[in-house]
Amino acid sequence: MSSTSPKTATLSLEGTNRSATLPIIEGTIGPPVADIRKLYNELGIFTFDPGYGGTAACDSKITYIDGDAGVLLYRGYPIEQLAEKSDFIEVCYLLLNGELPTEAQLKEFSHGVTTHTMLHEQLRSFFNGFRRDAHPMAVLCGVVGALSAFYHDSLDINDPKQREISAFRLIAKVPTIAAWAYKYSIGQPFVYPRNDLGYAANFLYMLNAVPAEEYKVNPILCRAMDRILVLHADHEQNASTSTVRLAGSTGANPFACIAAGIAALWGPAHGGANEAVLKMLAEIEHPKNIPDFIEKVKDKNSNVKLMGFGHRVYKNFDPRAKIMQATCHEVLGELGIKDEPMLDMAMELERIALSDDYFIQRKLYPNVDFYSGIILKAMGIPTHMFTVLFAVARTVGWVSQWKEMIEDPAQRIGRPRQIYTGAPQRDYVAVAERG
Ligand code: CMC
């Protein structure tokens with residue numbers, strides 16, 4: 001805290017002589033925070049913050065966002081630098097351990113992940129219990145939760161070694177589960193992981209290979225997939241990460257916590273937005289329909305949102321969206337796709353929205369999901385797998401945040417309070433006497 005910044009804030013209750021002094025806590029960067037933990041004891045009042053827009057639920061050293069400046073840092077490193085110079089497995093190490101690895105550390109870490117990619121063979125039959133037309137997010141959520149029934153030797157959250165093994169297992173096995181959920185949905189045989197391939201290449205291989213012919217991973221698609229994974233790896237205390245932390249605060253095992261995170265990610269306001277963007281573009285159908293669509297979005301009674309736009313924290317360009325847009329052009333160019341009507345429509349939609357007062361006043365900009373769906377589509381990934389892919393990437397973020405929380409000696413169960421607005425206490429009335 002600098003010598004000029006205030007060290008306390010005072011909250012006084014109007015009409016009384018009672019007040020509380022709240023300590024001001026400062027992080028390394030970012031706005032200061034008033035510590036309200038003793039407020040109820042001192043003044044007998046709680047704070048009210050639905051959606052937690054003004055509440056820091058924890059302190060964390062992992063990811064920093066400056067929403068006004070459009071900055072995203074993993075462990076202090078700008079996302080642009082990591083997307084350009086690093087790769088997903090190195091980013092996983094960084095998020096989990098706090099520092100970039102040495103060559104030897106990276107090799108050991110990569111080996112640790114690679115040697116956990118296979119699933120317990122009995123899990124194969126678990127997939128058969130789902131309907132073929134189940135959404136792969138439903139399958140992912142169910143099978144990841146079921147890992148806790150298969151890996152009893154890494155459930156003790158108080159044992160650092162077991163925590164490490166469960167971290168490796170989750171990062172390594174989620175892509176296998178995701179790919180198998182897809183294979184199951186299209187009736188193709190499951191493809192076992194190949195440990196001679198890198199993380200992104202192995203994932204593409206498990207998604208696309210069939211036993212009948214040789215499959216060669218396209219290096220351009222592999223690089224794009226790796227970049228997509230890096231961009232989605234963590235995003236501080238978003239809804240799914242907060243869900244993982246809340247579940248983890250009860251002492252639940254890591255597999256159960258990550259399954260909870262997957263469930264939260266699925267919603268269209270969160271990770272489901274990438275799938276929703278493509279559905280939206282398909283519904284708009286033609287650029288000539290964009291002005292009508294924008295009018296519908298602006299009409300409060302329509303319940304229509306411009307998917308892939310807006311963010312709770314970013315009130316400027318989401319830096320991930322900028323990289324996604326550039327990657328989108330690169331991938332389409334490399335694949336020789338000269339004319340992609342979805343991309344043309346997305347760019348036109350963005351152009352119109354960014355010059356419209358409704359979006360300008362509310363500071364609504366494209367988020368990470370606006371362009372990711374178009375890249376994934378060009379890569380041949382089916383729409384219902386988009387959110388699954390987000391979950392594959394975010395698993396390392398969830399695991400890192402869960403680990404940080406468990407290792408924090410000040411950690412306690414998450415338990416928000418409420419304003420009760422229901423009936424006051426009243427006496428039970430027998431059914432015959434009710435009017
Ligand atoms: N289209 C139209 N209006 C919007 C949009 C949008 N996409 N986003 C926000 N608004 C309006 C909103 O109606 C409100 O207007 P008013 O002040 O007149 O009531 C104003 O902008 C402020 O929005 P908010 O609802 O208070 O913002 P929020 O922080 O609660 O919601 C959000 C953030 C991401 C849920 C929301 O912007 C949204 O639903 N966007 C579309 C879905 C989407 O793209 N989600 C992906 C987010 S990034 C990846 C991830 O987190 O997984």
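Any read-out appearing in this document is the output of simple, stated calculations on the displayed coordinates, not a laboratory observation. Because the structure is a prediction, the values reported are computed rather than measured. In this analysis, Cβ positions are derived from the backbone assuming ideal geometry, glycine residues included, and neighbour counts consider all displayed protein chains.
Of note:
- Spread of Cα-to-Cα distances over 10 Å intervals beginning at zero, given as percent, for segment 108-240: 11, 38, 39, 11, 1
- ³J(HN,Hα) computed for each position of segment 345-362 - Karplus, 6.51 cos²θ - 1.76 cosθ + 1.60, integer Hz, glycine/proline x: 5, 4, 5, 5, 4, 4, 4, 5, 5, 6, 10, 9, 3, 3, 6, 5, 4, 8
- Amide proton proximity set for residue 71, modelled H, under 5 Å, gap of 5+: 66
- Peptides ranked, highest mean first, by Cβ atoms within 10 Å: ranges 394-405, 119-130, 313-324, 4-15: 394-405, 313-324, 119-130, 4-15
- Rg/Rg_globular for segment 381-435, with Rg_globular taken as 2.2 N^0.38 Å and Rg from C-alpha atoms: 2.31
- Candidates per chymotrypsin sites (Phe, Trp or Tyr not before Pro) in segment 1-107, loop by DSSP, up to 14 other Cβ within 10 Å: 46, 48
- Extension gain for residue 289 to residue 14 (0.36 nm times residue separation, less C-alpha to C-alpha distance): 93.6 nm.
- J(HN,Hα) series, segment 298-314, from Karplus relation 6.51 cos²θ - 1.76 cosθ + 1.60, nearest Hz, glycine and proline x: 6, 7, 4, 7, 7, 6, 9, 10, 7, 5, x, 10, x, 7, 4, 9, 6
- Cα long-axis angle, helix 103-114 against the chain (0 to 90 degrees, to the nearest 10): 80 degrees
- The chain - mean residue ellipticity at 222 nm from DSSP helices (-39,500 (n - 2.57) per run, n ≥ 4, rounded to 500): -15000 deg cm²/dmol
- Cα-based convex hull volume of the chain per residue, rounded to whole Å³: 226 Å³
- Links that overshoot a 23 Å alpha carbon limit, given the list 322/363; 338/377; 183/338; 85/107; 315/403: 183/338; 315/403
- Helix 319-334 axis, angle to the chain major axis (alpha carbon atoms, nearest 10°): 10 degrees
- Of the residues 278, 126, 195, the one whose Cα sits farthest towards the positive end of the charge dipole of the chain is 126 (charges of +1 on Lys and Arg Cβ, -1 on Asp and Glu Cβ, taken about the Cα centre).
- Qualifying GluC sites (Glu not before Pro) in segment 163-222, where qualification requires a DSSP coil assignment and no more than 13 other C-beta atoms within 10 Å, comprise 214.
- 3J(HN,Hα) from dihedral phi, segment 23-33, Karplus parametrisation 6.51/-1.76/1.60, rounded to Hz, x for glycine, proline: x, 9, 10, 10, x, 6, 9, x, x, x, 10
- Taken about its Cα centre, segment 250-354 carries a charge dipole of about 540 debye when Lys and Arg each add +1 at the Cβ and Asp and Glu each add -1 at the Cβ.
- Local electrostatic count at residue 53 - Lys and Arg +1, Asp and Glu -1, tallied over other residues with Cβ under 15 Å: +1
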